[in-house]
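Note sheet for the following structure.
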Amino acid sequence: MQTQIRTAERTPFSLDDDQSYARWRANKLAVAGMPEAVVIQDPGELAAKERQALLRGAEARNFTLFRVRRPAMDIEASLRAFGRRLGLLDLDQNLCAEDSGITAITVKQTNTDKPYIPYTDRPLGWHTDGYYNAGHQQVRAWLLYCAQPAAEGGTNDLFDHEIAYIRLRDENPEWVRALMAPDALTIPRNTEQGQQIRPDHSGPVFSISPTDGSLHMRYSARQRNVIWRDDADTRQAAAFLLDLFQRGDDHIYRYRLGPGEGVISNNILHRRDGFRDDPASGNKRLVYRARYYQRLPAATEY
């Protein structure tokens with residue numbers, strides 16, 4: 001598989017190329033409405049037609065919903081094979097991942113100094129995955145797969161980061177420029193049991209891949225344990241994003257995953273409602289997550 005090399009100057013994300021941006025923007029905003037889920041027989045044996053449908057959906061919105069007809073007994077092995085079939089090879093081995101690299105997201109103890117919100121029933125704010133990773137280990141794609149929903153709640157909001165880019169650039173291109181600074185957003189170090197497991201990581205919010213010209217976003221709406229660059233444009237851009245999430249957008253999609261349903265994504269913005277489990281009736285939320293250092297390839301590359 002060969003990837004076409006493009007420079008930042010040739011992409012619609014160059015702030016010096018308004019014509020390319022206008023054409024891309026019109027095409028991007030024309031894609032509206034919640035997509036239908038791609039039906040998959042067996043994610044561990046993904047058919048070529050199913051793979052193409054998933055990749056075409058991701059090309060349009062940077063995410064695709066899917067529904068599995070025959071869930072596997074070994075879900076982690078099946079999801080690993082699913083990712084490989086989609087061209088996603090390098091898993092991000094995050095702190096609470098299983099040995100397989102697939103993380104079981106459910107209410108549980110994590111053997112860490114403090115509770116991590118994904119493993120509680122609390123709401124999870126707007127973010128892209130791996131925003132605390134080092135620059136060379138950026139998460140560019142992820143998948144979620146629901147084995148069992150909660151008794152109540154747990155709905156996800158999904159928002160293509162390219163639409164967020166459009167909203168910012170249309171309001172003030174200088175805000176985008178500020179968020180592309182190499183020190184726009186810093187995530188402070190993380191320590192566990194007196195040991196540093198991650199140093200401070202600074203980086204841009206928006207960056208352009210030198211390999212394929214795609215747009216990547218690194219973001220968290222958290223108000224604590226994040227440090228924004230101290231200048232007017234950066235502060236205003238960060239405030240604009242928070243206000244955008246609060247007032248809503250017609251390209252924000254809400255979806256509650258049911259058993260056997262999932263999302264595959266080029267690391268779009270997303271959040272999760274709080275939820276209530278009912279273990280006595282078997283309704284304890286269990287969602288599997290995989291994160292990758294590769295972006296989903298174009299459908300035409302397969």
(request) With the condition kept exactly as written, say whether any residue in the range 215-233 is closer than 21 Å to PHE66 by Cβ, basic (Lys, Arg) and either modelled with pLDDT of 95 or more or in contact with a Leu (Cβ under 8 Å, 6 or more places away or on another chain) (or both). (result) no
(message) I need a count of the residues in the range 258-300 that are in a strand (DSSP E or B) and over 21 Å from ALA58 (Cβ atoms).
(response) 5
(message) Is it the case, given these coordinates, that ASP233 is among the acidic types (Asp, Glu), touching a Phe, Trp or Tyr at 6+ places or on another chain (Cβ under 6 Å) and over 21 Å from GLN137 (Cβ atoms)?
(response) yes
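Let's see how each residue does on (1) of a type in the set (Asp, Glu); (2) part of a loop (DSSP other than H, G, I, E, B):
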{"residue": "ALA72", "(1), (2)": "no, yes"}
{"residue": "GLU76", "(1), (2)": "yes, no"}
{"residue": "LEU88", "(1), (2)": "no, yes"}
{"residue": "GLN109", "(1), (2)": "no, yes"}
{"residue": "PRO115", "(1), (2)": "no, yes"}
{"residue": "ARG122", "(1), (2)": "no, yes"}
{"residue": "TYR131", "(1), (2)": "no, yes"}
{"residue": "ARG169", "(1), (2)": "no, no"}
{"residue": "TRP175", "(1), (2)": "no, no"}
(message) Would you confirm, using the coordinates I've provided, whether ARG69 is surrounded by 13 or more Cβ atoms within 10 Å (Cβ to Cβ) and on the phi < 0 side of the Ramachandran plot?
(response) no
(message) Just to verify a result, which residue in the range 147-169, among those that are under 16 Å from the mean Cα position of the chain (by Cα) and among the hydrophobic types (A, V, I, L, M, F, W, C), is nearest to PHE275 (Cα to Cα)?
(response) LEU158
(message) Need pairs with beta-carbon distance below 7 Å; first residue farther than 12 Å from TYR253 by Cβ and in contact (Cβ under 8 Å) with a residue 40 or more places away in the chain and within the range 54-66, second crowded, with 21+ Cβ neighbours inside 10 Å and among the hydroxyl-bearing types (Ser, Thr, Tyr); sequence gap 6+ or separate chains.
(response) LEU54/THR64; ALA58/THR64
(request) Pull up the range 129-148, narrow it to residues that are more than 21 Å from ARG80 (Cα to Cα) and surrounded by 14 or more Cβ atoms within 10 Å (Cβ to Cβ), then point me to the one that is modelled with the highest pLDDT. (result) TYR131
(request) Please find, among ASP243, ASP233, ASP250, the residue that is loosely packed, with under 14 Cβ neighbours inside 10 Å, assigned to a helix (DSSP H, G or I) and not hydrophobic (A, V, I, L, M, F, W, C). (result) ASP243
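The values are calculated or read from the model by the stated rules, or taken from the named source; none is laboratory data. The model shown is predicted, which means the values in this text are computed figures rather than measured ones. Cβ atoms come from the backbone with ideal geometry, glycine included; neighbour counts cover every protein chain shown.
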